1. Could you pull out which residues in the range 140-156 have an amide N less than 15 Å from a spot 7 Å beyond the Cα of residue 114, following the Cα-Cβ vector?
2. For the chain, calculate the relative contact order in percent as a whole number, restricting contacts to Cα pairs under 8 Å that are 6 or more residues apart.
3. Angle, helix 376-385 long axis vs. longest principal axis of the chain, Cα atoms, 0 to 90°, nearest 10?
4. Which residue fluctuates most in the GNM of the chain (Cα springs below 10 Å): 61, 291, 244?
5. How large, in Å, is the range 257-308 by the Kirkwood hydrodynamic radius built from its alpha-carbon pairs?
6. Just how much of residue 425 is accessible, in Å², when a 1.4 Å probe is used and the result is rounded to the nearest 10?
7. Given the options 155, 173, 438, identify the residue whose Cα lies farthest towards the positive end of the charge dipole of the chain (+1 on Cβ of Lys, Arg; -1 on Cβ of Asp, Glu).
8. Residue separation times 0.36 nm, minus the C-alpha to C-alpha distance between residue 442 and residue 341: what's the value?
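The values are calculated or read from the model by the stated rules, or taken from the named source; none is laboratory data. Because the structure is a prediction, the values reported are computed rather than measured. Ideal geometry is used to build each Cβ from the backbone, glycine not excepted, and the neighbour counts take in all protein chains shown. Please note that ligands, DNA and RNA were not included when accessible areas were found on the heavy atoms of the full protein model with its side chains. Shrake-Rupley method; radii C 1.70, N 1.55, O 1.52, S 1.80 Å.
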Amino acid sequence: MRRRTTFLVGGAVAVALALGSLVGGVLSESRSAVPASSAASGVLVEHALTGTAGGVGAGGVSRLETAVHARPRDPELLVQLGFAYQLRWRETADASYLPRSEAALRRSLRFGTDDANAVLGLGSLALIQHEFRTALMYGRHAEKLLPGSYRPYGVIGDALIELGRYDAAFASFERMISLRPSLASYARIAYARELTGDRTGAAAAMRLALLSAAGQPEPTAWAHVELAKLDLAMGRNRIARRHVIAALASLPGYPSARVELARVEAAVGNFRAAIREARRAVDAVPTPQAVALLGDLLGRTGQTAEARRQRATVAVIDRLLEANGVKVDLESASYRADNLIRPGETVELARRALADRPSIYGDDALGWALARAGRCDEALPVAERALRLGTQDPLLYFHRGYAEGCAGNRAAMRDWYGRALALSSQFSVRWAPVARATLARS
């Protein structure tokens, strides 16, 4: 059954516009809501909790490391360094920054008081590492340390989303935006709306997130990329392209924008350009998503040997992430199911992922793994459960259709494939052609 939720965006937007808080207020918060800490800490915290990279750079990290070396017991410097390591990880995909972030934040708590920023930093790190129950614990602790602040509710809500506790997560996001309309809160409202099938409302909230970025290059680029994802998922390829170009104008070479531009080019059939942009993204920041996309594009264009090399690279990246404390069971299970890598083991991996992340995407990963392993009767109810929020995700629709076909219901399979293509005719480089070919044969 689809959940019906009421978000406080309308009232919050009216207040924000009346007070002029959409411009210039993203990186600040009232003195009553934050502990005594420097503006530098606040900026780093804000960027980390928003999800943007923040432009720390190697030089910024090096300067903080030098300062900490000179003052190794300064808790505020340690907090700044802990967040800077997280932001540097986002900029480089070098997971070795994550253990360093944890060490710095824990040292801050050891040498200082129970600083809310350090607690939030550990919560943010737990989200990165996909330790969602731990993240929720830190978020709740920060909530007690920061009465009246919006910041803990991002960590709390993000953790609850991944734990499948949607009503509580949405309530956290409502609380967050009522306390502080900002890039971070609008983006989370956008995601909540997307999960519940309101893609138009999600795009409206992300446009407010873009406004709240106030022209800052990296946050602006990030918001444009998120809008491009929404528009591309709705088949609005030209609008998606405009957002990607705007992102690259705001932050030239932005790897996330390169990935999304590759998807846009693929959606309009320009595979040479798509491969070029995907290579640029991989060369800049080799994330599993970018490398997997490049592999799919190469496979789609018949470059099978190189596609296999790229797909093997995904497994190497996953091992590096795991070695640095990041759980990748869910993402790995979905990827392995795509590629039929040891299906029996993949099912067990997906079960572990669902236990850790009992969300709709945990259900989707398990349903997909079961269907690809030929365990059709088991797959179908799990694939059905993945759509319980009314999420209009064409890949979820395709997976549901595949499970229906696996279970012998060809009519239902064609129906779900048609729904996926109606949402976005190029929803997947690999699977949209399969859906179209299946419907063409019927």
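1. Flagged as within label range: 140-147.
2. Details: 724 pairs, mean separation 56.4, N = 442.
Value for the chain: 13 percent.
3. So the helix axis and the longest Cα principal axis differ by about 40 degrees.
4. With Cα springs under 10 Å in the chain, the top fluctuation among 61, 291, 244 is at 61.
5. Values: mean 1/r = 0.0964 Å⁻¹.
Result for the range 257-308, one decimal place: 10.4 Å.
6. Estimated to the nearest 10 Å², residue 425 gives 60 Å².
7. The listed residue farthest towards the positive side: 438.
8. Values: separation 101, 0.36 × 101 = 36.36 nm, distance 2.91 nm.
So the chain would gain 33.4 nm between residue 442 and residue 341.
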